[in-house]
Structure formats: C-alpha cells, structure tokens
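Below: one structure, written as structure tokens.
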Amino acid sequence: DVKVTQSSRYLVKRTGEKVFLECVQDMDHENMFWYRQDPGLGLRLIYFSYDVKMKEKGDIPEGYSVSREKKERFSLILESASTNQTSMYLCASSSSGGATYEQYFGPGTRLTVT
Amino acid sequence: GQSLEQPSEVTAVEGAIVQINCTYQTSGFYGLSWYQQHDGGAPTFLSYNALDGLEETGRFSSFLSRSDSYGYLLLQELQMKDSASYFCAVSGAGNMLTFGGGTRLMVKP
C-alpha cells in the first residue's frame, strides 16, 4: 500500500512564525503535491514537484515556498505565517506520466495561526 | 483557467441510488476524476474517465460527456459508510488536478 505521511496532524503557530510542514511517501513516486483545503473551496494546489529539486507553482503559491531535496520528501514552508493561512494542508504523491489523476494523500495537517 | 461546479450537499436513504453531478469549464482537458473523503480522513481515489461513457467499479459508476463538459458519480445500494464528501477533479494543462468544491453526501437509515 502507498503510504504518505505528514509530520503533524495538528499545529498551532503564531503570526509571523516560520512554519515547516513535512511530507514523506514510500512508493518512489516522482510527483508530489501540496494542497490546502478550506470548506466549500475544495482542494487548491499550492505547489507541486515532478522531480528532486524541481518545483512548479500551483494556483495559490503566494506566501508559500517548497523544498524537495530527496525524492521521498516534500516540504512546505510558510515564510511568515498569517491568520489567513489557517487551513488543512494535504500532501499527495503520484507516479509519473499520465497517472497524475490518481493521487495518494496523506492524513493532513490542520494548521491554526493565531 | 479551470472551474468546476458540483452540489454542496446531497441526502439519500440507505439502499437508494444517488447521482452527484459535476460540470466543468477548462482550458485543457484530459479527464475527470472522483475522490471520496470521510470526515477527518484523507481523500481517496475512486475513478477516472478520459473517454465518454460509463465506467463501473462495484457499487460506484462514473460517467463522462466531453461534449457537454459534464460528468457524474453514481452510487448504488447506498450504505451508511458512503456518508462522506465527494470531489470531482479535472486533469488539465500540465496534468495537474483542479478540484471542485465537494459534495457532502449524507446517507440516512
């Protein structure tokens, strides 16, 4: 079974703090994704990576950066957390080629910024 | 850009059939996916349609009409455990997924 794990289920941070969210997958997938999920808005893509050290902006990259130093690990960084970044953050992975429609998700990190 | 519309909430009774519709507008289209997410859980992949027609997987079926920019997820013989949120997602430019806002399905006894 594909397993995607995220470093924390719940996180509370203060405005202005630098926040790191970590994601690890164990299926040797090339593609990894970071989404945020808000009620009524579905999942919105923040960044994705199709290879080590490669990254592409998604629909809402502002205020976020990412790092992929190893194939299995994809980190989301909030440089200076703000209250409007309070959300559920979901990491996902998929194999390369045409199968990006089948993504495997981690359990999510619920981030609260106060 | 891409936009998807699906109903926010659907209610049905155990044993019934329910259809969740999804309409989309997209600048590039490869296919339509469906995901299920239980409260507190991770989204899980259900189905994918690249071509017009119906795809069946057990109690779940998914339909696509590319000419109408429309698809639906059909759930038969509803069970209580089917209570969850269901998301349609379009594979578009760059092969990224764009998700709809989700449909919350409540199954009542």
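From the list A:GLU62, A:GLU69, the one residue that fits, being in a strand (DSSP E or B), away from every other protein chain (no Cβ under 14 Å) and among the acidic types (Asp, Glu), is A:GLU69.
Within this structure, A:PHE48 fails the test of being part of a strand (DSSP E or B), away from chain B (no Cβ under 12 Å) and under 12 Å from the mean Cα position of the chain (by Cα). Do we have any residue at all in the stretch B:37-52 that's modelled with pLDDT of 95 or more, assigned to a strand (DSSP E or B) and more than 20 Å from B:GLY102 (Cβ to Cβ)? Checked the stretch B:37-52: no residue is modelled with pLDDT of 95 or more, assigned to a strand (DSSP E or B) and more than 20 Å from B:GLY102 (Cβ to Cβ).
Considering B:SER33, B:SER91, B:SER62, B:SER47, the condition of being touching a Cys at 6+ places or on another chain (Cβ under 8 Å) and either crowded, with 21+ Cβ neighbours inside 10 Å or under 18 Å from B:GLN2 (Cα atoms) (or both) is satisfied by B:SER33 alone. When B:LEU4, B:LEU51, B:LEU73 are screened for being facing chain A (nearest Cβ under 9 Å) and among the aliphatic types (A, V, I, L, M), only B:LEU4 passes.
The values are calculated or read from the model by the stated rules, or taken from the named source; none is laboratory data. Remember, it's a predicted structure, so these values are computed and weren't measured experimentally. Ideal geometry is used to build each Cβ from the backbone, glycine not excepted, and the neighbour counts take in all protein chains shown.
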